[in-house]
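Below is one structure, written out as structure tokens; comments come after it.
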Amino acid sequence: MDKHNLAKDEFVVGLVGNPNVGKTSIFNALTGMKQHTGNWSGKTVKVATGEIRANETPIKLIDLPGTYSLDALSEEELVTTKFIENKEYDCLVVVVDANNLERNLSLVLQTLNHTNKIVVCVNLIDIATKNKINVDLDELSLQLG
């Protein structure tokens with residue numbers, strides 16, 4: 001059992017993903033907050049935290065900096081990597097862009113090397129469909145286990 005959650009009074013979820021996959025937009029939609037989004041290096045180095053409730057269970061939602069890798073070469077990667085390695089969460093939601101699935105799956109696989117407590121959220125499917133990109137979600141789920 002995680003040390004932060006001994007009483008199970010709060011469920012901690014981290015949002016992880018490459019830059020510009022929509023993590024902060026998802027965070028804002030769920031929390032009602034208005035965190036700024038940006039698409040340049042160093043824009044979101046700090047961690048945003050919000051709270052939501054599901055069936056009366058408080059959920060702490062943590063919007064982590066976008067990163068392409070967990071190799072911790074930049075400040076953004078270091079913040080996200082440390083969070084994942086500390087394992088003080090109940091679940092990670094790894095947000096991927098349906099338009100760049102191959103590139104985004106690299107981070108999914110790296111994250112799976114640290115924990116199996118992940119949910120993959122395929123985002124921007126509407127834009128992928130307009131670009132004639134079809135993502136077989138059932139097959140993706142099967143392949144990722």
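Out of all the residues in the range 35-55, is one or more buried (at least 18 other Cβ atoms within 10 Å of the Cβ), in a strand (DSSP E or B) and in contact (Cβ under 8 Å) with a residue 40 or more places away in the chain? No.
Among the residues of the range 96-129, those that are open to solvent by 40 Å² or more (accessible area, probe 1.4 Å), closer than 16 Å to residue 83 by Cβ and in a helix (DSSP H, G or I) comprise 110, 112. The numbered conditions (1) assigned to a loop (DSSP other than H, G, I, E, B); (2) open to solvent by 40 Å² or more (accessible area, probe 1.4 Å) are all true for residue 135 except (2).
Within the range 77-89, being more than 13 Å from the chain's Cα centre (by Cα) and not in a helix (DSSP H, G or I) holds for 87, 88.
In the range 111-129, the residues that are more than 12 Å from residue 94 (Cβ to Cβ) never reach a residue that is outside any helix (DSSP H, G or I) and polar (S, T, N, Q) with C-beta atoms less than 6 angstrom apart, at least six apart or across chains. Test residue 129 against the stated conditions and say whether it is more than 27 Å from residue 60 (Cβ to Cβ) and either touching a helix residue (DSSP H, G or I) at 6+ places or on another chain (Cβ under 7 Å) or not acidic (Asp, Glu) (or both). Considered against the rule, which asks whether it is more than 27 Å from residue 60 (Cβ to Cβ) and either touching a helix residue (DSSP H, G or I) at 6+ places or on another chain (Cβ under 7 Å) or not acidic (Asp, Glu) (or both), residue 129 comes out as yes.
Answer with yes or no whether residue 20 is in a loop (DSSP other than H, G, I, E, B) and modelled with pLDDT of 90 or more. The answer is yes for residue 20.
The values are calculated or read from the model by the stated rules, or taken from the named source; none is laboratory data. Since the model is a prediction, treat every value here as computed from it, not as a measurement. Methodologically, a virtual Cβ is constructed for each residue, glycine included, from the backbone with ideal geometry; neighbour enumeration extends over all protein chains shown. Surface areas here come from the heavy atoms of the whole protein model, side chains and all, with no ligands, DNA or RNA. Shrake-Rupley method; radii C 1.70, N 1.55, O 1.52, S 1.80 Å.
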